[in-house]
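Colleague: Below is a structure I'd like to ask you about.
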Amino acid sequence: MKIRKAITYTIALVFTLNSNAQKPDALLRVNDRSVSADEFKWLYLKNNTGEHYSDIEEYLELYINLRLKVEAAEDAGIHERPSFKAELEGYRKQLSKNYLTDHELKDRLIEKAYERYKTEIYAMHILIRCPADAPPDDTLQAYKRALNIRQRLRLGEPFESVAKGASDDPTANINGGNLGYFTVFHTPLPFENAVYRMKPGELSMPVRTASGYHIIKVQDKRKNQGRIKVAHIMKSTPPGSTEAARMRAKHEIDSLYHLLENGADFSELARNNSDDIMSAANGGELPWFGSGEMVHEFSVEAFKLLRDNDYTEPVKTVYGWHIIKRLDKEALLSGPEARKFLEGRLSNSYLISESKKSFAEKLKKEYNYRLNKKALEWFYAIADSSFRYGRKYNLPGPIPGDILYSFASEQCTMHEFATYISQNGNQAPDYNNEVFINALLDQKVYKDLLGYENSILEKKYPEFGFLMNEFYDGILLFEISDSLIWKKSENDSTGLKHYYNTRKEEFMDAPRARARIYEIDKNAGKRKTRRILRVIRRHHNRDNYYQKVMAEAITGKDTLVKITEGIFEKGENTFLDNIRWNRGLNQQQGNNGTILVDILEIEKDRYRDLEDVKGLIINGYQEYLEAQWLRELKKKYEVSVNRSIMEKLKAKTGK
């Protein structure tokens, strides 16, 4: 089956879209590239929202500029570089994921899970271990053993005793196969599917999971009890404890229960007496749990408690004795909370597996998938046990040239499938010939369907093609702009200096004054104020002005003058803004006293250094280079706009 690889198709498609032919609905033509009205409209509506809004004619001008730059990039051969092709293919691979999956599957799985989540199952099981890749003989032996065990149960042997003697589940020696109550996502999916189909009291046929075969008995079904938070006091009697140890634990738990009945504090008793060290430190508190998340006997008694702060009598489990206190309880989750909870439990690997199956089935229907059953039977017959055990997977003898399956315009011959088997046989379970062949067929069909769908995404979904064009243009635009504009503007010191010198007037500092401001407090009074003013006027040009002024201004604990000195621009100081800037002293009256401004120096017409404004200069130089470049491109490349189509588009968009 010859399906083009995505990267080959992508590049080929880009050249097709950039072809010389003028499309009948082309709105715009820049050199040899035609742009349809639909593509331009899609780009305009996608990129023209919020703060980035622009008139459609204005956007057309911007888009023409972009197309001119892309033409220049193609002329420079940037689109032929391996790095460009790899980056474009990376974008396509990421984008295509949204189109090569069953988007509705997750919702369906969560809806199905929620229906199961509302019910709790009480079940027991016996496991006959058999790995997924076990040889056919071992698999058959395990299945027969499972049937024999089922027969023993049907004839009346107690489930618990059979489980302890025959189950390969190591916990069966302790719990007799009793799984207690559980709900969705607590067991392997085939196991879960089986128990939710069964009725209470029913005994299953062998159920296959990755661990082996299970014989399951459903004991009960009930509504989901929600989740509960409890604290407990525990006296441990792990499996293997002596009779004396068990009796001592029972005596100790009874004593603790008696203390509780007489008003002792539960948390204190747990801290000082519980054998569960982890919870004891926190007053016996355990994490929230629901059905299937705690030992069965413990869980049953905990959920029987009707009110917060109620506690049980001593409860026996396989791990010891417990007194359980209810702290809080939550009802069954519903709505968005339930969805969030179940979504978190949904296995990503399972979701991917189911998504592949669902998407493959969808494509089979869409593309009229047909399977040659006679050809498939030939593969069943040839893939016998001797062939599978050899694990070389090279089919012997002549292979018929018939078509095995076909869909759309694609087909797979028996020769091609035989080659696939030889290359991928080690990836399939081989415990019988049909399972082996079907697994490889499913893999090959899914791969071919996905490859075909991937190869036609641009044709099937116009918006996908538009997005790929946008990525294509964007990468080229970046590369050519980086080369001709951005790097040049940063590294061209001569050009930067020339650009700065021709625009120095734009980078002048505002006039600045170095000034000293004396603020005389109004509480100084008129006489004291006049004396301070005389001292300031006499000494303001001398080095010791501060000492002289302060000697007059400090009276007891009060300082009657505040002196501020600095370099100020217009608008930075109210007192300076109130006067004409001339060197010397200027007196004014403020709300809180008398002000004397001493302008020491005035800086005018000062050009800012290039290094101080380099960021602004680089930005300006880039704009200058870009404008110059666009003028050259408009002379080099032909641009035409179909005004009739443009007017129709404006009418449709209302822009």
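Here is a yes/no grid of residues against (1) in contact with a Leu (Cβ under 8 Å, 6 or more places away or on another chain); (2) in contact (Cβ under 8 Å) with a residue 60 or more places away in the chain; (3) assigned by TED's automatic domain parsing to the domain that holds Ile532:
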position	(1), (2), (3)
Gly566	no, no, yes
Asn586	yes, no, yes
Asp598	yes, yes, yes
Leu610	yes, yes, no
Ile617	yes, yes, no
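Colleague: What are the residues in the range 168-187 that are in a loop (DSSP other than H, G, I, E, B) and either closer than 12 Å to Ser291 by Cβ or not charged (D, E, K, R) (or both), if any?
Modeller: Scanning the range 168-187 gives Pro170, Thr171, Gly176, Gly177, Thr183, Val184, Phe185, His186, Thr187.
Colleague: Return the only residue of Leu189, Leu153, Leu127, Leu147 being modelled with pLDDT of 95 or more and in contact with a helix residue (DSSP H, G or I) (Cβ under 7 Å, 6 or more places away or on another chain).
Modeller: Being modelled with pLDDT of 95 or more and in contact with a helix residue (DSSP H, G or I) (Cβ under 7 Å, 6 or more places away or on another chain) holds for just one of Leu189, Leu153, Leu127, Leu147, which is Leu153.
Quick grid of which residues meet (1) modelled with pLDDT under 90; (2) under 15 Å from Gln622 (Cα atoms); (3) touching a Phe, Trp or Tyr at 6+ places or on another chain (Cβ under 9 Å); (4) not assigned by TED's automatic domain parsing to the domain that holds Asn592:
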| site | (1), (2), (3), (4) |
| --- | --- |
| Met468 | no, no, yes, yes |
| Leu477 | no, yes, no, yes |
| Leu496 | yes, yes, yes, yes |
| Arg503 | yes, yes, no, yes |
| Arg531 | no, no, no, no |
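Colleague: Quick test of your reading of the structure: Ile532 fulfils all but one of (1) in contact with a helix residue (DSSP H, G or I) (Cβ under 8 Å, 6 or more places away or on another chain); (2) within 16 Å of Leu585 (Cβ to Cβ); (3) touching a residue at least 60 places away in the same chain (Cβ under 8 Å). Name the failing condition by number.
Modeller: Checking Ile532 against (1) in contact with a helix residue (DSSP H, G or I) (Cβ under 8 Å, 6 or more places away or on another chain); (2) within 16 Å of Leu585 (Cβ to Cβ); (3) touching a residue at least 60 places away in the same chain (Cβ under 8 Å), the one that fails is (3).
Colleague: Using the structure shown, decide if Phe575 is surrounded by 12 or more Cβ atoms within 10 Å (Cβ to Cβ) and out of contact with any Lys or Arg (no Cβ under 8 Å at 6 or more places or on another chain).
Modeller: yes
Colleague: In this structure, does Lys250 turn out to be assigned by TED's automatic domain parsing to the domain that holds Ile277, in a strand (DSSP E or B) and not β-branched (Val, Ile, Thr)?
Modeller: No; evaluated as a whole, the condition is false for this residue.
Colleague: What residue, among those in the range 229-243 that are polar (S, T, N, Q) and not in a strand (DSSP E or B), is farthest from Val295 (Cα to Cα)?
Modeller: Thr242
Colleague: Hey, can you tell me all the residues within the range 310-328 that are in a loop (DSSP other than H, G, I, E, B) and touching a residue at least 24 places away in the same chain (Cβ under 8 Å)?
Modeller: Glu313, Pro314, Val318, Tyr319 - these are the residues of the range 310-328 that are in a loop (DSSP other than H, G, I, E, B) and touching a residue at least 24 places away in the same chain (Cβ under 8 Å).
Colleague: Which residue out of Tyr99, Tyr63, Tyr59, Tyr114 is of a type outside the set (Lys, Arg), under 30 Å from Arg339 (Cα atoms) and assigned to a helix (DSSP H, G or I)?
Modeller: Tyr114
Colleague: Let me ask something additional. Could you figure out which of (1) part of a helix (DSSP H, G or I); (2) among the hydroxyl-bearing types (Ser, Thr, Tyr); (3) within 37 Å of the chain's Cα centre (by Cα) isn't true of Tyr122?
Modeller: Of the numbered conditions (1) part of a helix (DSSP H, G or I); (2) among the hydroxyl-bearing types (Ser, Thr, Tyr); (3) within 37 Å of the chain's Cα centre (by Cα), the odd one out for Tyr122 is (1).
Colleague: A follow-up question, please. Could you tell me which of the residues Glu611, Glu626, Glu603, Glu565 is modelled with pLDDT of 90 or more, farther than 30 Å from Lys522 by Cβ and not aliphatic (A, V, I, L, M)?
Modeller: Unique residue meeting the criteria: Glu626.
Colleague: All but one of (1) touching a helix residue (DSSP H, G or I) at 6+ places or on another chain (Cβ under 8 Å); (2) over 30 Å from Lys250 (Cβ atoms) hold for Lys374; which doesn't?
Modeller: All conditions pass for Lys374, except number (1).
Colleague: Let me ask something else about it. Take residues that are touching a residue at least 40 places away in the same chain (Cβ under 8 Å) and within 30 Å of the chain's Cα centre (by Cα) and tell me which of the helices (runs of 4 or more DSSP H) falling wholly in the range 379-483 contain 2 or more.
Modeller: 433-455, 457-460, 462-481
Colleague: Something else: Taking the range 301-331 on its own, how many of its residues are of a type in the set (A, V, I, L, M), within 18 Å of Thr183 (Cα to Cα) and surrounded by fewer than 16 Cβ atoms within 10 Å (Cβ to Cβ)?
Modeller: Result for the range 301-331: 1.
Colleague: For the range 340-352, indicate whether the set of residues that are surrounded by fewer than 17 Cβ atoms within 10 Å (Cβ to Cβ), outside any loop (DSSP other than H, G, I, E, B), of a type in the set (Ser, Thr, Tyr) and not assigned by TED's automatic domain parsing to the domain that holds Asp265 is non-empty.
Modeller: Looking for residues that are surrounded by fewer than 17 Cβ atoms within 10 Å (Cβ to Cβ), outside any loop (DSSP other than H, G, I, E, B), of a type in the set (Ser, Thr, Tyr) and not assigned by TED's automatic domain parsing to the domain that holds Asp265, one finds at least one in the range 340-352, hence yes.
Colleague: So which residues in the range 177-186 are crowded, with 20+ Cβ neighbours inside 10 Å and within 27 Å of the chain's Cα centre (by Cα), if there are any at all?
Modeller: Residue satisfying the conditions is Val184 alone.
Colleague: Within the range 91-104, identify whether any single residue is exposed (fewer than 15 other Cβ atoms within 10 Å of the Cβ) and more than 19 Å from the chain's Cα centre (by Cα), and answer yes or no.
Modeller: No, the conditions are met nowhere in the range 91-104.
Colleague: For the range 323-333, state whether one or more residues are under 30 Å from Thr209 (Cα atoms) and at pLDDT below 95.
Modeller: Yes, the range 323-333 has at least one match.
The values are calculated or read from the model by the stated rules, or taken from the named source; none is laboratory data. Keep in mind that what you see is a predicted model, and the values were worked out from it rather than measured. Using ideal geometry, Cβ is built from the backbone for each residue, glycine included, and neighbour counts are taken over all protein chains shown.
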